[in-house]
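The values are calculated or read from the model by the stated rules, or taken from the named source; none is laboratory data. In this text, all values refer to a predicted model and were calculated from it rather than measured experimentally. Cβ: placed from backbone, ideal geometry, glycine included. Neighbour counts: every protein chain shown.
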Amino acid sequence: MTQQQSITDLLTAPQRPLLSYEFFPPKDDEGMAMLENAASALKPTCPDFVTVTYGAGGSTRTQTLRVCRTLAELGMTPVMHHLTCVGASQTELREILDIIRREGIRNIMALRGDPPRGEKHFQKHPDGFSNAAELVRFIKQSYPDMCCGVAGYPETHQEAVSSNMDIHYLKAKVDAGGAFVTTQLFYDNQLFYDFVDRCRKAGIEAPIIPGLLPPLSLKQLQRMANMCQASLPQELLRQMEAAGEDASRTEEVGIEWTVNQIKDLLAHRVPGIHLYILNRSKAVLAPALIKCFRPES
Ligand SMILES: Cc1cc2nc3c(=O)[nH]c(=O)nc-3n(C[C@H](O)[C@H](O)[C@H](O)COP(=O)(O)OP(=O)(O)OC[C@H]3O[C@@H](n4cnc5c(N)ncnc54)[C@H](O)[C@@H]3O)c2cc1C
């Protein structure tokens, strides 16, 4: 199996800000066909890397590897396999990591994960890990050449006792070997800039990649903002509401908002942009959006 590139190398000498897309494992064959179509449509946009979520929203774990394989077969590499501590012993995590490694994957987004549906609090497996920092340490000890990304929260993680403590624990993840931070989605760039400032003041030097989700409908915007605890700027809401039932106008508003976010972030010299694409190509292929990264296209 060909060894894929490590994202650490991409971040060390970037020719330009990195562009990455996040996929999630679909629940059925129809979803898989949709994902493959989206990936094929997006391939010409040459993302620097792609990522595949793990266990989120009830998806099965083996599906993550299947999607990683599919994306690699389509030539979309390097792939970053997400991994969480949820319900897993160290032995199980090691088995999964061995398989990932054998696939030639050298990038892991190391996460604690959310409590399973119906449970309020995260319960560590008796022989597992309590938080992402422990998982990163475990991965780096056993697989030193594996690049680990970690998650950051511009609006503070919902369970954090304070934003300062959240940054403190983010630093622990980076100190354990996290090579870069990808953020939760946000719609107001100022929240990201303030977050980066707080991280730098706390001594976190790793690259911080903003995560964005182009909203394509008011319903989707509200659902995702609620799920990810992201605040909604009044102006974005006003514009979405003004578009009313006109689906193509709502899409235009959402894409324009994301394009403006990206332009401003690139002007602030972010190391990359991570797009939560929800297995769809439509928003990314909007000419105004892709031109932010690939002016020649
Ligand atoms: C970029 C990105 C990708 C994601 N991908 C997935 C995915 O693929 N699958 C999935 O299920 N979920 C995913 N998530 C969601 C993520 O799993 C949840 O947000 C989860 O609740 C926290 O994971 P974490 O890795 O940030 O946890 P941690 O960094 O472990 O933090 C969790 C909470 O515990 C606190 N904390 C950390 N360490 C300590 C400590 N030592 N003592 C006390 N408190 C502590 C933190 O402040 C925080 O409130 C993703 C999130 C992001 C931003």
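For segment 34-66, taking the residues that are of a type in the set (A, V, I, L, M, F, W, C) and part of a helix (DSSP H, G or I), the one that is nearest to the ligand (Cβ to nearest atom) is identified as Ala56. Based on what the data block shows, is Thr84 within 26 Å of Cys228 (Cα to Cα) and within 20 Å of the chain's Cα centre (by Cα)? Here the answer is yes, as Thr84 does meet what is asked. Filtered by the rule that a residue be within 11 Å of the ligand (Cβ to nearest atom) and hydroxyl-bearing (Ser, Thr, Tyr), segment 135-176 gives Tyr153, Thr156, Ser162, Ser163, Tyr169.
Of all the residues in segment 261-287, those that are more than 16 Å from the ligand (Cβ to nearest atom) and either more than 27 Å from Asn37 (Cα to Cα) or over 22 Å from the mean Cα position of the chain (by Cα) (or both) number 7.
Taking the criterion of being away from the ligand (no atom under 11 Å from the Cβ) and within 30 Å of Thr2 (Cα to Cα), the only residue of segment 107-129 that qualifies is Asn107. Considering each residue of segment 36-56 in turn, at least one proves to be more than 23 Å from Gly272 (Cβ to Cβ), modelled with pLDDT of 95 or more and out of contact with any Lys or Arg (no Cβ under 7 Å at 6 or more places or on another chain). On the stretch given as segment 183-239, residues that are surrounded by fewer than 14 Cβ atoms within 10 Å (Cβ to Cβ), among the acidic types (Asp, Glu) and within 20 Å of Val259 (Cα to Cα) total 1. On inspection, Leu42 qualifies as over 16 Å from the mean Cα position of the chain (by Cα) and closer than 25 Å to Leu266 by Cβ. Residues in segment 81-106 that are within 16 Å of the ligand (Cβ to nearest atom) and crowded, with 18+ Cβ neighbours inside 10 Å: 12 in all.
Residues that are of a type in the set (S, T, N, Q) and more than 13 Å from the ligand (Cβ to nearest atom) occur in segment 190-199; there is at least one.
Among residues of segment 37-52 that are in contact (Cβ under 8 Å) with a residue 12 or more places away in the chain, those with a beta-carbon under 9 Å from a residue that is part of a strand (DSSP E or B) and polar (S, T, N, Q) at least six positions away or on a different chain give the pairs Pro47/Ser20; Asp48/Ser20; Phe49/Ser20; Phe49/Asn107; Val50/Ser20; Thr51/Ser20; Thr51/Asn107; Thr51/Thr182.
Scanning segment 142-165 for residues that are within 13 Å of the chain's Cα centre (by Cα) and hydrophobic (A, V, I, L, M, F, W, C) yields Cys148, Val150, Ala151.
Just to be sure I understand the filter: pairs with C-beta atoms under 9 Å, separated by 6 or more residues or on different chains, first member in segment 95-115 and without any contact (Cβ under 8 Å) to a residue 40 or more places away in the chain, second member among the small types (Gly, Ala, Ser) and part of a loop (DSSP other than H, G, I, E, B). Which pairs pass? Within 9 Å, the pairs are Ile96/Ala88; Arg112/Ser130. Scanning segment 67-79 for residues being in a helix (DSSP H, G or I), of a type outside the set (A, V, I, L, M, F, W, C) and either within 10 Å of the ligand (Cβ to nearest atom) or surrounded by 14 or more Cβ atoms within 10 Å (Cβ to Cβ) (or both) gives a total of 2.
Here Ala132 clears all of (1) surrounded by fewer than 21 Cβ atoms within 10 Å (Cβ to Cβ); (2) modelled with pLDDT of 95 or more; (3) within 9 Å of the ligand (Cβ to nearest atom); (4) not aromatic (Phe, Trp, Tyr) except the condition numbered (1). The requirement of being in contact with a strand residue (DSSP E or B) (Cβ under 7 Å, 6 or more places away or on another chain) and of a type in the set (A, V, I, L, M, F, W, C) is satisfied by Ile262. Checking the structure you have, find out if any residue of segment 5-16 is in contact with a helix residue (DSSP H, G or I) (Cβ under 9 Å, 6 or more places away or on another chain), assigned to a loop (DSSP other than H, G, I, E, B) and within 16 Å of the ligand (Cβ to nearest atom). No, segment 5-16 contains no residue that is in contact with a helix residue (DSSP H, G or I) (Cβ under 9 Å, 6 or more places away or on another chain), assigned to a loop (DSSP other than H, G, I, E, B) and within 16 Å of the ligand (Cβ to nearest atom).
Here Ser142 passes the criteria (1) more than 30 Å from Lys43 (Cα to Cα); (2) crowded, with 19+ Cβ neighbours inside 10 Å; (3) touching a residue at least 40 places away in the same chain (Cβ under 8 Å) except the one numbered (2).
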